[in-house]
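Undergrad: Below is the structure I would like to discuss, written out as structure tokens.
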Amino acid sequence: MSTAPVPESLYCRRCRRALNIRFNNLGVIVEYLHAAEQRGQRSDHRPEPMPITEIPDPIIECDFCSTPDAAWIYRCANQITDARRVTAQVVAVGDYQARHHAARVRRTDTEHAFTQAWGERWSACQGCADLIEARDLYGLIGRVVESLPAKLTRGKHLIRTRGQLHERYSDVFDTLAPGRGRIAPGHPLGIWTHQAGEAP
């Protein structure tokens with residue numbers, strides 16, 4: 001076993017929890033977000049980013065279902081998501097009047113809002129790791145959906161949330177690197193095991 005060179009994640013110095021990074025269309029960092037904020041929760045302080053190896057006793061949560069006892073680290077290709085914002089919506093005037101201000105949108109114009117960087121390193125609790133090892137994509141999505149706030153899974157939001165998770169986790173599964181790292185005290189980047197024939 002050995003410690004593999006995994007790109008370091010950024011954590012908040014104040015609360016010792018993971019941060020996500022957002023870039024503008026020029027690749028410049030415009031915002032750090034607590035991972036919990038990404039899942040629809042709130043934080044009571046601004047992020048203070050530092051590499052995880054400089055955080056004493058970091059709180060490593062599962063990047064999938066958010067449980068606080070992550071046990072494993074997986075690596076995959078760097079995951080990014082481009083978010084767009086609506087700048088204009090066009091409706092037909094006659095349609096708008098006939099439908100009492102409830103016309104269908106004929107065209108929607110958008111522009112780049114930010115790029116969300118998910119990174120190459122994903123931590124997983126034992127339950128999520130079992131589904132990853134089995135390559136059970138739908139089982140993982142179901143487990144994650146059960147852990148999300150109701151505002152992200154109620155009614156029509158459930159379809160959109162499941163679709164977003166399917167897109168994100170499909171990329172993770174498609175680009176998983178061999179092996180995984182076991183999170184241990186003093187080893188926040190994991191102690192990595194390698195399959196037979198791999199270089200340590």
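Undergrad: Which residues, taken from the range 22-52, are open to solvent by 70 Å² or more (accessible area, probe 1.4 Å) and among the polar types (S, T, N, Q)?
TA: Asn25, Gln41 - these are the residues of the range 22-52 that are open to solvent by 70 Å² or more (accessible area, probe 1.4 Å) and among the polar types (S, T, N, Q).
Undergrad: How do the pairs read when you match residues in the range 62-88 that are within 13 Å of Ala177 (Cα to Cα) and at pLDDT 85 or above with residues anywhere that are part of a loop (DSSP other than H, G, I, E, B) and charged (D, E, K, R), using Cβ under 7 Å and keeping only pairs 6 or more apart or on different chains?
TA: Here the result reads none, with nothing in the range 62-88 linked to a residue that is part of a loop (DSSP other than H, G, I, E, B) and charged (D, E, K, R).
Undergrad: What is the number of the single condition among (1) at pLDDT below 65; (2) under 29 Å from Val30 (Cα atoms); (3) open to solvent by 40 Å² or more (accessible area, probe 1.4 Å) that Glu120 does not meet?
TA: The failed condition is (1).
The values are calculated or read from the model by the stated rules, or taken from the named source; none is laboratory data. Since we're looking at a predicted model, the values are computed, not measured. In this analysis, Cβ positions are derived from the backbone assuming ideal geometry, glycine residues included, and neighbour counts consider all displayed protein chains. Only protein heavy atoms, including side chains, enter the accessible area calculation; ligands, DNA and RNA are left aside. Shrake-Rupley method; radii C 1.70, N 1.55, O 1.52, S 1.80 Å.
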